1. Express in nm, to one decimal, how much length is gained between Ile37 and Ser131 on full extension, taking 0.36 nm for each residue of separation and deducting their alpha carbon distance.
2. Once you put a point 7 Å from the Cα of Ser172 and another 7 Å from the Cα of Glu101, both along the Cβ direction, what distance in nm separates them?
3. Nearest 0.05, what FRET efficiency do Thr121 and Ser64 give at R0 = 35 Å with Cβ-Cβ as r?
4. Too long at a 24 Å Cα-Cα cut-off: which of Lys80/Lys148; Lys50/Lys146; Lys80/Lys145; Lys50/Lys148; Lys80/Lys102; Lys52/Lys163?
5. At a probe size of 1.4 Å, how large is the accessible area of Met141, to the nearest 10 Å²?
6. Subtracting the Cα-Cα distance from 0.36 nm times the residue separation, let me have the gained length for Lys114 to Arg138 in nm, one decimal.
7. How much length would be gained if the chain were fully extended between Val161 and Asp82, taking 0.36 nm per residue of separation minus their Cα-Cα distance, in nm to one decimal?
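The values are calculated or read from the model by the stated rules, or taken from the named source; none is laboratory data. Keep in mind it's a predicted model, so treat the numbers as computed, not measured. Please note: Cβ atoms are built from the backbone with ideal geometry, for glycine as well, and neighbour counts cover all protein chains shown. SASA here: full protein model, heavy atoms, side chains in, ligands and nucleic acids out. Shrake-Rupley method; radii C 1.70, N 1.55, O 1.52, S 1.80 Å.
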Amino acid sequence: MKHTPALCCGALALLCASCSLKYATTYQDEANVPEFIFSDATFTKYEDDKQKLSLSAGALEQYSDGNSMYARDVEFTLLKTDGTVETEGSCTLLAADSKEEKYTLYDGIHIHNKKEDLEVTADTLRWNGKSEQLTSSRNDMVTIKKGKTTMIGSGFSASAVSKQFAFTGVISGTFDEDDAEGKNTLSENQDTEDVSADTEGDFADE
């Protein structure tokens, strides 16, 4: 079974109550003082005069280096070239370094790729735009769901280049096998099976 990961990060970071959104720092250090602070902000990115990304946040901070941006209560939508929705997602906290093209999502992460009907949920994910890699920490749990197949595991990584994913830790979950004729549907009497093993796989439909 293959499917395309909703490698859809474009976003921003950690929160601490009564502090800057920037990694729980206070405003005492000038480097930690946001240059701009926005509430109920909406950001739209265009490529070749076409809308590519729409992002909204309950709070957003932009820092003077011009590269660091942090946000809370984020929702984002990635659009295809024809304007239809490709991927939708949300998270509680986001952090971005646009120069390095590194983005981290935190807490209550939910990503849904509509074309593949693929859902990814996690508490922490990191996206490297230069290598086009989506990863979790070694011990962070990630859930992938497509149809009746669900996998939960740690040490998750996915590549937009090779369109492959892997769990380096032990995983568990349920999956549906293809029927004997090699179709992408189950036979009527085929059961969902439990799985617990190290695994890797591909992301795009055959």
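1. Working: separation 94, 0.36 × 94 = 33.84 nm, distance 3.01 nm.
Fully extending the segment from Ile37 to Ser131 adds 30.8 nm.
2. 3.8
3. Numbers: r = 34 Å, r/R0 = 0.98.
The computed FRET efficiency comes out at 0.50.
4. Working: Lys80/Lys148 26 Å; Lys50/Lys146 29 Å; Lys80/Lys145 22 Å; Lys50/Lys148 35 Å; Lys80/Lys102 22 Å; Lys52/Lys163 21 Å.
From Lys80/Lys148; Lys50/Lys146; Lys80/Lys145; Lys50/Lys148; Lys80/Lys102; Lys52/Lys163, over 24 Å: Lys80/Lys148; Lys50/Lys146; Lys50/Lys148.
5. Answer for Met141: close to 100 Å² accessible.
6. Details: separation 24, 0.36 × 24 = 8.64 nm, distance 2.77 nm.
The Lys114-Arg138 span can extend by a further 5.9 nm.
7. Working: separation 79, 0.36 × 79 = 28.44 nm, distance 2.22 nm.
In short, 26.2 nm is gained.
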